[in-house]
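The values are calculated or read from the model by the stated rules, or taken from the named source; none is laboratory data. Source: prediction; values computed, not measured. Glycine gets a Cβ as well: all are built from the backbone with ideal geometry, and neighbour counts include every protein chain shown.
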Amino acid sequence: MKILITGCNGQLGNEMRNVLESHIPGETLYTDIEQLDLTDPKAVEKYVLDNDVTHIVNCAAYTNVDRAEEDKLLCSSINVNAVKNIAMAANQNGAKVIHISTDYVFDGKSNRPYKESDKVNPISQYGTTKRLGETALLALSPESVIIRTAWLYSPYGKNFVKTMLRLGSEQNEIGVVCDQIGTPTYAHDLANAIYTILTAHQWVPGIYHFSDEGACSWYDFTKAIHRIAGITDCVVKPIPSEDYPTAAARPFYSVLDRTRIKSTYGIEIPHWEESLNHCIQRINDNKE
Ligand SMILES: NC(=O)c1ccc[n+]([C@@H]2O[C@H](COP(=O)([O-])OP(=O)(O)OC[C@H]3O[C@@H](n4cnc5c(N)ncnc54)[C@H](OP(=O)(O)O)[C@@H]3O)[C@@H](O)[C@H]2O)c1
């Protein structure tokens, strides 16, 4: 098995390295744009063939949801064209692909957790390109696994948890959106799930939903972040989305139904608050 992790400097890429190096050290290749620009089809094909890659986990993406509304070409070249390049290179070497997608392929009008078979209807440029990446991959390489995840956070890079920790220490009061419901996902938990799939006895292709267990609003999430971190002198106020305008529209409800990934691969998923505790502990440990 020769695994390639793309986007290794990102949140999920870093957590994939932690998980793989603790279980099967020294067996995986890690690249980000400096080593391998995924938008270059020839470079991707050469890398996969030269290194005889058997599995590709695509953690690379254009993830700035608001900037994507303006930066359409770059967003599309990373979220769609790069995925096609990965699929074609994988086919050349008979490699299997695990690709990551998003809850933002849905419009958020559901009132129950989204199943993999539910109708997609992205309402942002980011969501549209991520959906086009899914369809392109399945057309070129139908044996691939696609995992849609949501509200990803980790000790790495920029994310909601780190922003709320910073704002909690800088400000006396913040307003946080209370009418968008989803599930926070600790990138470490997703990396463990991907490891389970990579090493499973049977490869079962298709689309899967993965987030941590439970559901909450961004407001509930912030209250939990501050409680766990011991931040007591910042008042968190619930506000409606209309009081926090953003360039890209967000789904009001994007809880993912996790039944298929749990039953197919026997994956156990922690509750989001339990994982949040773990992540904040790591962030605090790194400060010391
Ligand atoms: N973050 C979330 O809340 C969230 C929610 C749902 C789904 N997802 C999906 O989960 C996956 C992982 O997200 P993440 O938060 O870990 O992303 P991330 O932290 O933004 O990492 C993505 C990595 O991909 C790299 N990259 C960009 N263009 C590239 C190219 N042309 N070639 C090679 N590498 C390139 C980025 O480099 P630069 O930093 O230099 O651009 C970055 O290191 C993505 O598919 C994302 O769409 C994320």
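Scanning the range 26-67 for residues that are assigned to a loop (DSSP other than H, G, I, E, B) and touching a strand residue (DSSP E or B) at 6+ places or on another chain (Cβ under 8 Å) gives Glu27, Asp32, Leu36, Leu38, Asn51, Val53, Thr54, Cys59, Ala60, Ala61. The set of residues in the range 121-135 being over 17 Å from Ala248 (Cβ atoms) and surrounded by fewer than 20 Cβ atoms within 10 Å (Cβ to Cβ) consists of Thr135 alone. From the list Tyr126, Tyr114, the one residue that fits, being of a type outside the set (Gly, Ala, Ser), more than 19 Å from Ile194 (Cα to Cα) and within 14 Å of the chain's Cα centre (by Cα), is Tyr126.
Taking each residue of the range 148-175 that is within 21 Å of Glu242 (Cα to Cα) and looking for partners that are within 11 Å of the ligand (Cβ to nearest atom) and modelled with pLDDT of 95 or more with beta-carbon atoms closer than 6 Å, six or more apart or interchain, yields Trp151/Gly182; Trp151/Pro184; Trp151/Thr185; Phe160/Tyr153. Here Tyr219 passes the criteria (1) free of Cβ contacts under 8 Å to residues at least 40 places away in the same chain; (2) part of a helix (DSSP H, G or I) except the one numbered (1). The single residue among Val57, Val97 that is more than 12 Å from the ligand (Cβ to nearest atom) and either on the phi > 0 side of the Ramachandran plot or crowded, with 23+ Cβ neighbours inside 10 Å (or both) turns out to be Val97. A search for C-beta distances below 9 Å between a residue of the range 46-64 that is more than 12 Å from Thr31 (Cα to Cα) and without any contact (Cβ under 8 Å) to a residue 60 or more places away in the chain and any residue that is more than 14 Å from the ligand (Cβ to nearest atom) and among the charged types (D, E, K, R), counting only pairs 6+ apart in sequence or on different chains, returns Asn51/Lys2; Asp52/Lys2; Val53/Lys2; Thr54/Lys2; Thr54/Lys96.
Count of the range 114-163 residues, restricted to those that are touching a strand residue (DSSP E or B) at 6+ places or on another chain (Cβ under 8 Å) and within 14 Å of the ligand (Cβ to nearest atom), is 23.
In the condition set (1) closer than 20 Å to Thr54 by Cβ; (2) more than 13 Å from the chain's Cα centre (by Cα), Glu134 is compliant with all but (1). Residue pairs whose Cβ atoms lie under 7 Å apart, separated by 6 or more positions or on different chains, with the first residue in the range 1-17 and among the acidic types (Asp, Glu) and the second within 11 Å of the ligand (Cβ to nearest atom), are Glu15/Ser154; Glu15/Ala187; Glu15/Ala191.
Results for (1) buried (at least 17 other Cβ atoms within 10 Å of the Cβ); (2) under 27 Å from Gly127 (Cβ atoms), shown as yes or no for each residue.
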{"residue": "Glu27", "(1), (2)": "no, no"}
{"residue": "Val48", "(1), (2)": "yes, no"}
{"residue": "Val65", "(1), (2)": "yes, yes"}
{"residue": "Asp71", "(1), (2)": "no, yes"}
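Take the conditions (1) surrounded by fewer than 17 Cβ atoms within 10 Å (Cβ to Cβ); (2) in a helix (DSSP H, G or I); (3) in contact with a Ser or Thr (Cβ under 6 Å, 6 or more places away or on another chain); Met1 misses just one of them, which is (2).
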